[in-house]
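The values are calculated or read from the model by the stated rules, or taken from the named source; none is laboratory data. From a predicted model like this one, the values you see are computed outputs, not experimental measurements. Because the Cβ atoms are built from the backbone with ideal geometry, glycine has one as well, and the counts that use them run over all protein chains shown.
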Amino acid sequence: MSIFSGVRIVGSGLIGTSIALALTKISIPVDLIDSDTRSENLANDLAKGEKLIDPELVIFSLPTQHLPLVIEAEYSLNPRSTFIDIGSVKTNPLQVVSASKLPLAQFVATHPMAGREIGGPESARGDLFEGRSWVLTPQGSSTESIDRARKLVELLGATPVVMDASEHDKAVAAISHLPQILSSLLAKQLQDFPDEWLALAGQGLRDTVRIAGSDPKLWQEIISMNREKIAPILHALIDDLQSFEKLLNSASDYSLEIGAFIEEGRVGRAKIPGKHGGKARNYSYLPIVIPDAPGNLAAIFNICAQIDVNVEDLSIEHSPGQLTGLITLGLSEQGAAKLSEHLITKGWNVHPVRK
């Protein structure tokens, strides 16, 4: 696989700067531009950007609504380049390009399934795309353009997934846009709660409203642009909420029906694939109580490496001032049994496996 001689990135927000950082790490020159001078300067300083002539690839890393403002100028400057976008909705960019001078053959509509709830170049990470899916919707794209887009995705450590643009928009309505709406609406309710209630909040609430901190301007565009795909999924959710509300208002004992709702949620959650988009796996969780002392956590991972046991998941529970901590490792059934037996023989405080 040959390496790009240069990549131009139009837009220096979270995604554009993260792409630049990842490419710079593997010695591919990048050139970032942005209408916001502060963001452009910061992104180029972070990624050691430089002015490029005739780059092989131009990435539109900006809100889709701004694409018509830059597409003609960028094509005029770089007529031999391949162009891609990274927007969250894919039908609209294809329509915009089809109405422009940029040949559709030189364009690939893409969407990295990665991000953070905080934006800007200061939030960029060079490893943002590692192990994540990256959708390509190459409708009308040439083989050369598709190959370049795929090469970029693979260089960034992501997994290319080819989809039809309309199917993509339906999929992200369900797995990305609806969660954002629900998180924001739940967080909106918190405005009316007393501060002393919120002081009691645990990790469940924090996890649920984490993405409510997202950029309103970005999401008002995404939701508006994909509203036709979001609406039917939202209606189905509203039907479930109304059914649940009827149970709460019923004079009869409907506790079993309420439990059924919660169980269906467990079933739905279990369908989410495992890491790297692989098939969901039922891990065995091995609890280990360790003294709060330097080197203990590293020692456990060294043992895992020595006996060839792969850690699939990890959680750590430890309170300030507590003399011990609980580390729970997610392992295959065989790996959990093997590690448990080995640690017990070495004197570690290991507890029974939890499924």
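Per-residue answers, yes or no, for (1) of a type outside the set (A, V, I, L, M, F, W, C); (2) over 27 Å from the mean Cα position of the chain (by Cα):
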position: Asn282; (1), (2): yes, no
position: Tyr285; (1), (2): yes, no
position: Val289; (1), (2): no, yes
position: Asp292; (1), (2): yes, yes
position: Gly295; (1), (2): yes, yes
position: Ala298; (1), (2): no, yes
position: Ala305; (1), (2): no, yes
position: Leu326; (1), (2): no, yes
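Candidates are the residues of segment 222-232 that are in a helix (DSSP H, G or I) and closer than 14 Å to Thr91 by Cβ; the one that is farthest from the chain's Cα centre (by Cα) is Glu228.
If you filter segment 38-54 down to residues that are touching a helix residue (DSSP H, G or I) at 6+ places or on another chain (Cβ under 7 Å) and surrounded by 12 or more Cβ atoms within 10 Å (Cβ to Cβ), you find that the one that is farthest from Ser123 (Cα to Cα) is Gly49.
The combined condition, being over 19 Å from Phe60 (Cα atoms) and more than 20 Å from the chain's Cα centre (by Cα), is fulfilled by Asp192. Going by the structure shown, is Ile84 outside the structural domain of Lys217 (by TED's automatic domain parsing), buried (at least 22 other Cβ atoms within 10 Å of the Cβ) and in contact with a strand residue (DSSP E or B) (Cβ under 9 Å, 6 or more places away or on another chain)? When the stated conditions are applied, Ile84 passes them. The strands (runs of 3 or more DSSP E) located wholly in segment 1-104 that include 2 or more residues which are aliphatic (A, V, I, L, M) occupy 7-10, 30-33, 57-60. Cβ-Cβ contacts under 7 Å between residues 6 or more apart (or on different chains), taken from a first residue in segment 171-194 that is within 16 Å of Arg206 (Cα to Cα) to a second residue that is among the hydroxyl-bearing types (Ser, Thr, Tyr) and assigned to a helix (DSSP H, G or I), are listed as Ser183/Thr208; Leu186/Thr208.
Condition check: on the phi < 0 side of the Ramachandran plot, touching a helix residue (DSSP H, G or I) at 6+ places or on another chain (Cβ under 7 Å) and not in a loop (DSSP other than H, G, I, E, B). Does Ile327 satisfy that? Against the criterion (on the phi < 0 side of the Ramachandran plot, touching a helix residue (DSSP H, G or I) at 6+ places or on another chain (Cβ under 7 Å) and not in a loop (DSSP other than H, G, I, E, B)), Ile327 qualifies.
Every residue, every condition in (1) surrounded by 14 or more Cβ atoms within 10 Å (Cβ to Cβ); (2) touching a Gly at 6+ places or on another chain (Cβ under 8 Å); (3) of a type in the set (Phe, Trp, Tyr); (4) more than 30 Å from Arg80 (Cβ to Cβ), yes or no:
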{"site": "Met113", "(1), (2), (3), (4)": "yes, no, no, no"}
{"site": "Phe129", "(1), (2), (3), (4)": "yes, yes, yes, no"}
{"site": "Ala174", "(1), (2), (3), (4)": "yes, no, no, yes"}
{"site": "Gln189", "(1), (2), (3), (4)": "no, no, no, yes"}
{"site": "Asp192", "(1), (2), (3), (4)": "no, no, no, yes"}
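Consider Phe261 carefully, then state whether it is touching a helix residue (DSSP H, G or I) at 6+ places or on another chain (Cβ under 8 Å) and more than 23 Å from Asp169 (Cα to Cα). Yes.
Considering (1) of a type in the set (S, T, N, Q); (2) more than 26 Å from the chain's Cα centre (by Cα); (3) modelled with pLDDT under 95, the lone condition that Gln65 does not fulfil carries the number (2). Quick check: is even one residue across segment 196-213 surrounded by fewer than 13 Cβ atoms within 10 Å (Cβ to Cβ), more than 22 Å from Ser61 (Cα to Cα), among the polar types (S, T, N, Q) and at pLDDT below 95? Yes; the residues of segment 196-213 include at least one that is surrounded by fewer than 13 Cβ atoms within 10 Å (Cβ to Cβ), more than 22 Å from Ser61 (Cα to Cα), among the polar types (S, T, N, Q) and at pLDDT below 95.
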